[in-house]
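Visitor: The structure that follows is given in the form of C-alpha cells.
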Amino acid sequence: MATTAQRRPRDLDRLAARLRTVLGEGAVITDRNRLRTYECDGLAHYKVTPAIVVLPHTTAEVAAVVRACVDERVPYVARGSGTGLSGGALPSAEGVLVVTSQMRDILETDAPGERAVVQPGVINLHVSKAAAPEGYYYAPDPSSQQICSIGGNLAENSGGAHCLKYGFTTNHVTGVELVAPDGEIVRLGGKAPDPPGYDLLGAFVGSEGTLGIATEVTVRLLRAPEAVRTLLAAFPSTDEAGGAVSAIIAAGVLPAAVEMMDALAIEAAEAAVHCDYPQGAGAVLIVELDGPAPEVEAQFGEVQRHCRDNKAFEIRIAADDIERALFWKGRKSAFAAVGRISPDYIVQDGVIPRTALPAVLRRIAALSDGEQGQGTEGPSGVRVANVFHAGDGNLHPLVLFDESVPGEAEKAEAISGAILDLCIEYGGSITGEHGVGADKAKYMPRMFTDDDLDTMQMLRCAFDPLGLANPGKIFPTPRLCGEVPGRHKGVHPLAASGVAEVF
Amino acid sequence: MSTAHSSAHGDQPVMTGVVDGVATFDPSGAFDEHRPPDAALVGDCVHCGFCLPTCPTYVLWGEEMDSPRGRIYLMKGALEGEPMTDSMAGHFDACLGCMACVTACPSGVQYDKLIEATRGQVERNHRRPLRQRLLREAIFATFPHPRRLRLLRGPLRAYQASGLQRVVRRSGVLRRLPTVIATMESLAPPLGPSSSARPLPERVSARGTRRATVGLLTGCVQGAFFPGVNAATARVLAMEGCDVVIPRDQGCCGALSVHNGREAEAKKFARAVIETFESAGVERVVVNAAGCGSSMKEYGELFADEPEMAQRAAALAALVRDVSEVLVELGPVAQRHPLPVTVAYHDACHLAHAQGVRAQPRELLNAIPGLELREIAESEICCGSAGVYNLLAPHAAEPLGDRKAANVLATGADVLVTANPGCLMQVATAFRRRGAAGSAIAMAHTVEVLDASLRAVPAETFQKRSLLQK
C-alpha cells in the first residue's frame, strides 16, 4: 500500500507501545523469532513476517487494535488457527496480525433454539462437541475441523465433506458481531433467520477479512440425524466412480457426503493413517447417508446398487462409529498425508459441474502425463493426486513436486494453474471452499472481467475506504479506494448509470 | 521486515515448497554442530496445524510459538542462523515432550527426534536464569539416583506421619515458599512404612510352568515412592508364568536426562543399565514406568555416534516391553477373580504417544470380571507431569493437572488407573487441590489392579490399599 510503503520502524514502535497499553505486555509480540512463527498459515508457500502480532481476548480489544491501526494507517490481517489453504491470513510485512486464538469461549449453546454463539477463535469441532450432549451438532466440517476456527471458517466461507447436503458456512451463520475497518463494533443479523434489508451478513461471510474482523458468531445447530450409514466403494478407476456419483444424484438421492480419492491419494492416506482401503482400487468413494432411519435404509440399498452397476469391485459398510471414523480418517488426513509420498505439494481447490467430472479428470491426467495443458506451457511428469467432494464437483487436486529439484516448483505451479483453467473452461470456479486469499488473486481475472472486479472493489471500499483490512488479498491489483480503477479512462459505467458511486 | 523469499512474480512471494527445507545449516546461529535437529525432518512439516489441539501448551495459551509446528519453525530459524535467545529457549523448555503431536501428525513428522536434539542444543548453548539452573541441578542430583531417593523417604514419611504436613498445608506457608518447593512438597505421595520399600528378591520364580524369563526395571521414582507397584509387577509376572530377574544394582535408565537434553549423563546411566540387563540372561526387559520404557526403546538412537555401543544398545532396546505389552503377548493363564469397580484409564503420554501402547492396558483391565472401564475425555492431552516438567514449570503443569482431574472425576469412576508414577503424583496433587471432591477417587497402577484380581483381593481391600487413601 502506498500509504505504508515508506513507513519507518519508529512508527511501528509507537503503535506497538500503544497496543501494549491496551492489551498488556504478553498479548503484543514483536520478538523476531516469535513473529516468524506467524509468517504463514496452512499454505506455507507464502511467507511474510508481520511487524506486530496481537492476541486480543475481547471484542473491545479487537476494536482498540483496529482503531490504533487506523490512526497510524497501518494495515492489519486477522488470523484464527492459521490453517487456511489460500494464504488468506498471510500477514502484511509492515502491519499487525490480529490472532483470535485466545478468543475461544463458547458463549452460549441454545439447543432448543438451534443456535450457538461463539467467539471467533473457537475450534469448529468444539462447537459440535459442546452441542452433542443435547443431540445437536454444527454441520460444516472442513477436513481441518479438529483445529480450524469458526472465525476463519466465516472469513473463507469454508465448506467440507457434508456441504453437499447441508451447504457452506454461509448457510449456517445467522448473526455476527464484527469490528468494522474503522474500529466501530457492528452487529449483523442475530438468532433469527434471514433479517430484512440488504444481505450484509451474506456479503460479510466469505469476505476473507477485507470487510472487518468477526468477534462473535451466531451459528445454526442441527439435530443429529436419527441414522447415519456410511459405505466405502472401490472402483477400477475414477471414471467408474464418477459414473456412480452421477447415477446416485440422478436417482434423486441426496447423500450427506460423496467423497472420492484416486489411487495416488489412497496411497498417501494408507502411508499416513493405515486406513486399510481395498487393495488395487483406482478410486474409492465414501458415501454417507443420514436422516430418518427408514429413508436412509431404503436409499442406502439404492446407493449400493448404483455403485455395483458402475463396476465397484468391493463395497464395505461401516458397522459402527469406529469403522466410520476409519473411513473418514483416510479422507480427512489426505492433504497432509501427501507429505508422506512427496516432499512438497500444492493443494488446489476448484469447482466443476459434477457431470464434467470424468472429462476433467482425464484432462488433468493428460496434464500430468505430459500433454500440453490449455493455455500453459505444459510441463510433463508432474504427479497429481486427486481428492474431491465428488457430489458437488469440488476438486482438490494435489500437485506433487520436489522443491530441491530445479524447475519442479515452477512446473507444479503451471500445472496447478492449468487445472484452474480447466475448471473455468468447463463452467466452474477457481475456488470451492478455500477462498481466494493471496494464492488465487492472480487467477481472478481469468474468471472475472475488469468491470466485475471493479464492482467488487467498490463494495470493499464502502466498508474499508483506507484499504487497511487484509490488503493484497482477493484482488489481483490492490489499489486505493480513491484511485480511478483499471484501464477505464472515463467515468465508471456503473457510476455513470447511477448504480454505484466511486468513493 | 521482509518476505522470507525473493520475488519471482512481481510482488508475490514465490512459492518454495511446504515448510520448505532449511536452506543451509549455519552453525553460527543458536545450534552447534553436535547433533543439530535434522533439517530433513524439519522439512517434513507441512504446517497443517493438526497438532495444535493436542498440544498442552497450545491448549493452555493459544500461541503459535508454543505449539509443535511453531517450535519446528523456531528450530528451522535456529538452523538457518537465528541466535539462541531467551524467548527461543523458553519456548523449547515449555514443551512437555508428551508427543501427542506425533500421534496427531498426518505427515509423520518425527517431532520426538527433533525436540530431543533441540533440548541438547539448549542445554549446551543457553544459560538459564540462576534459579532455574540451581533447580535443575538439584533435581538431577536426586531423581535419577534410586538410593538418594530412598534416603529421602524417611524424612518425608516422618514429615507426613507427624501431622506436620497437614499443619503446613493448612497454614498457607506453602504459598509463601517458592512455587517449585511448594510443588515438590505437594507431589510426594503418601508413603507407607519403610517395610513396604524393602528391596525385592533378585529372582522371583514362575508359578506353575515357566513360560519366559524376564528382567524387571525397578526405576527411580517407582522404586522409592511406589514400591508396591514393583512388587505387584513381579507377582503378576510370576503368576503368569515368568521367572522374574530383578538385578539388585540397577540404576536410573536415563529417561529424565535424555528428555532434558543431558546427553552425556543419559549415556552414562543407559550404559550401566544395558550392561546390567545384557548379562542377566533374560528374554524381555519389563518396564512399568512409561517414561522409562519409551527411552529404553530408543537406546539405539542415543548411541548413534558410537557404532559398537549402538549395536548393543539396539539389541537391548529390542527386548524392552511395557508390562502390559508383555502380559498381552504372553496371554493370560492365571485365573482372574471378579473385581467389581469402575475404572477410568488414563493414557500416560510416554506409553500411548511415545510407545503406541493403548490397547494392551485396556485389554488387561477389560478381562477382569466385574470391572467396568470408562474413558476419560481429552485423553490425548498430557496431565502436566511430563517427567520433571511439573517441578520446572508449575505455572503450566498446574492448570493441566486441574484439567485432567476434572475430566477424570467426570467419569464417576472409583479408581483412576495409569501406568506411570509421574502421572499418579501429578493427578493426585490436582485432586488434593480440589479438596473433598478429589479425595473420593482411588488411584492405582494397571498392574496393581491386575494383581488384586489375580490374588482375589476383595475390591474394598484393594481400594483401602490405594495410593491416596487418607
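Visitor: Projected onto the charge dipole of chain A (+1 at Lys/Arg Cβ, -1 at Asp/Glu Cβ, origin at the Cα centre), which of A:389, A:180, A:346 gives the Cα projection farthest towards the positive end?
Guide: A:180
Visitor: Does segment A:342-439 classify as rounded, prolate or oblate by the C-alpha gyration tensor (a ≥ b ≥ c root eigenvalues; a/c under 1.5 gives rounded; else a/b over b/c gives prolate, otherwise oblate)?
Guide: Here segment A:342-439 falls in the prolate category.
Visitor: Something else now. Which residues' amide hydrogens lie under 5 Å from the amide hydrogen of residue A:314, considering only partners 5 or more residues apart or on another chain, with H built in the peptide plane?
Guide: So residue A:314 has HN proximity to A:234.
Visitor: May I ask you to work out the translational diffusion coefficient for chain A at 37 °C, viscosity 0.692 mPa s, via Stokes-Einstein with Rh from the Kirkwood sum over Cα pairs, reported in whole µm²/s?
Guide: In µm²/s, the coefficient rounds to 138.
Visitor: Okay, moving on. So how much accessible surface do A and B hide from each other in total, probe 1.4 Å, in square angstrom to the nearest 100?
Guide: Buried surface at the A/B interface: approximately 4000 Å².
Visitor: Could you pull out the pairs from B:113/B:404; A:411/B:76; A:332/B:76; A:311/A:332; A:329/B:267; A:47/B:113 whose alpha carbons sit more than 30 Å apart here?
Guide: Working: B:113/B:404 27 Å; A:411/B:76 26 Å; A:332/B:76 27 Å; A:311/A:332 25 Å; A:329/B:267 39 Å; A:47/B:113 26 Å.
Pairs exceeding the cut-off: A:329/B:267.
Visitor: While we're looking at this one, here's another question. Using a cut-off of 13 Å between beta-carbons, work out the net charge of the residues near residue B:123 (Lys and Arg +1, Asp and Glu -1, residue B:123 not included).
Guide: Details: positive: B:35, B:119, B:124, B:127, B:128, B:133, B:136, B:262; negative: B:32, B:93, B:116, B:137, B:263, B:265.
Spelling it out: positives minus negatives among the neighbours equals +2.
Visitor: Please give the solvent-accessible surface of residue A:156 in Å², to the nearest 10, using a probe radius of 1.4 Å with every protein chain present.
Guide: The accessible area comes out at roughly 30 Å².
Visitor: In segment B:18-82, how does Rg compare with the Kirkwood Rh, expressed as the Rg/Rh ratio over alpha carbon atoms?
Guide: Rounded to two decimals, Rg/Rh equals 1.01.
Visitor: Could you order the peptides A:323-331, A:441-449, A:337-345 from most to least packed, using the average number of other C-beta atoms within 10 Å per residue?
Guide: Highest-to-lowest ranking by the protection proxy: A:337-345, A:323-331, A:441-449.
Visitor: Taking Rh as the Kirkwood radius computed over C-alpha pairs, what is the Stokes-Einstein D of segment B:335-464 at 20 °C in a medium of viscosity 1.002 mPa s, expressed in µm² per second?
Guide: 145
Visitor: Now for a different question. Given +1 on the Cβ of Lys and Arg, -1 on the Cβ of Asp and Glu, and no further charges, what dipole in debye does chain A carry about its Cα centre, rounded to the nearest 20?
Guide: 900
Visitor: Once the protein assembly as shown is represented by equal point scatterers at the alpha-carbon sites, with solvent omitted, what log10 I(q)/I(0) does the Debye formula produce at q = 0.06, 0.09 Å⁻¹?
Guide: Calculated log10 I(q)/I(0) at the listed q: -0.47, -1.05.
Visitor: While we're on this one: Antiparallel versus total DSSP beta bridges in the protein assembly as shown: what percent is that, nearest 5?
Guide: Looking only at bridges with both residues in the protein assembly as shown, the antiparallel portion is about 70 percent.
Visitor: Only four residue types carry charge here, +1 at the Cβ of Lys and Arg and -1 at the Cβ of Asp and Glu. Report the dipole size of the protein assembly as shown about the Cα centre in Debye, rounded to the nearest 20.
Guide: Numbers: 94 positive and 112 negative charges, 944 e Å.
Using Cβ point charges on Lys, Arg, Asp and Glu, the protein assembly as shown gives about 4540 debye.
Visitor: A follow-up question, please. Determine Rg/Rh for segment A:2-99; Rg is computed over alpha-carbon atoms and Rh is the Kirkwood hydrodynamic estimate from the same atoms.
Guide: On the Cα set of segment A:2-99, Rg over Rh gives 0.94.
Visitor: Which value, in Å², gives the accessible area per residue of the protein assembly as shown when a 1.4 Å probe is used on the protein heavy atoms?
Guide: Accessible surface, normalised per residue, equals 38 Å².
Visitor: Residues of A:264-274, mean number of Cβ from any other protein chain within 10 Å of their own Cβ, rounded to a whole number?
Guide: Mean partner shielding for this stretch: 1.
Visitor: If you don't mind, another one. Which whole-percent values make up P(r) of segment B:19-125 when all C-alpha to C-alpha distances are grouped in 10 Å steps starting at zero?
Guide: 17, 53, 28, 2
Visitor: Hey, what does the equivalent ellipsoid look like for segment A:106-223, semi-axes from the Cα gyration tensor as sqrt of 5 times each eigenvalue, largest first, whole Å?
Guide: Three semi-axes, in Å: 21, 15, 14.
Visitor: Note down the Stokes-Einstein diffusion coefficient of segment A:165-243 in µm²/s, whole number, using a Kirkwood radius over alpha carbon pairs, 10 °C, and 1.306 mPa s.
Guide: Details: Rh = 15.5 Å.
Translational D for this selection: 102 µm²/s.
Visitor: Could you tell me what percent of the DSSP beta bridges with both partners in chain A are antiparallel, to the nearest 5?
Guide: 90
Visitor: So, one more: Where does the protein assembly as shown land at 222 nm, in deg cm²/dmol rounded to the nearest 500, when only DSSP H runs of n ≥ 4 count, each adding -39500 (n - 2.57), divided by all residues?
Guide: Values: 45 runs with 406 residues, N = 973.
So the helix-based figure for the protein assembly as shown works out to -12000 deg cm²/dmol.
Visitor: Starting from the Cα of residue B:158, step 7 Å along the direction of its Cβ; do the same at residue B:32; then give the gap between the two resulting points in nm.
Guide: That separation, rounded to one decimal, is 4.3 nm.
Visitor: Let me ask something else. On the accessible surface of segment A:224-348, probed at 1.4 Å, how many percent belong to carbon and sulfur atoms?
Guide: About 53 percent, which is the carbon plus sulfur part of the accessible surface.
Visitor: Another question, then. As a test of reading the structure, rank B:363, A:39, B:265, A:108 by solvent-accessible area (1.4 Å probe, protein chains only), most first.
Guide: Numbers: B:363 105, A:39 0, B:265 45, A:108 75 Å².
Putting B:363, A:39, B:265, A:108 in descending order of accessible area: B:363, A:108, B:265, A:39.
Visitor: Based on the alpha-carbon gyration tensor of segment B:323-392, what equivalent-ellipsoid semi-axes (square roots of 5 times the eigenvalues) come out, in whole Å, largest first? The partial results should precede the final answer.
Guide: Details: eigenvalues 130, 47, 20 Å².
For segment B:323-392, the ellipsoid semi-axes come out as 26, 15, 10 Å.
Visitor: Collect residues whose amide H, placed 1.01 Å from N in the peptide plane, falls under 5 Å from the amide H of residue B:203; neighbours closer than 5 in sequence don't count.
Guide: For residue B:203, the qualifying residues are B:246.
Visitor: Let me ask something else. Looking at the square roots a ≥ b ≥ c of the eigenvalues of the Cα gyration tensor of segment A:227-335, which shape do they give, rounded for a/c under 1.5, prolate if a/b is larger than b/c, or oblate?
Guide: The shape class here is oblate.
Visitor: Taking amide hydrogens as modeled 1.01 Å from N in the peptide plane, which residues meet the under 5 Å criterion relative to residue B:373, leaving out close sequence neighbours?
Guide: B:343
The values are calculated or read from the model by the stated rules, or taken from the named source; none is laboratory data. What you are looking at is a predicted structure, and each value in this text was computed from that prediction instead of being measured. Counting neighbours? That spans all protein chains shown, and the Cβs are built from the backbone with ideal geometry, glycine included. Keep in mind that these areas ignore ligands, DNA and RNA; they rest on the heavy atoms of the full protein, side chains included. Shrake-Rupley method; radii C 1.70, N 1.55, O 1.52, S 1.80 Å.
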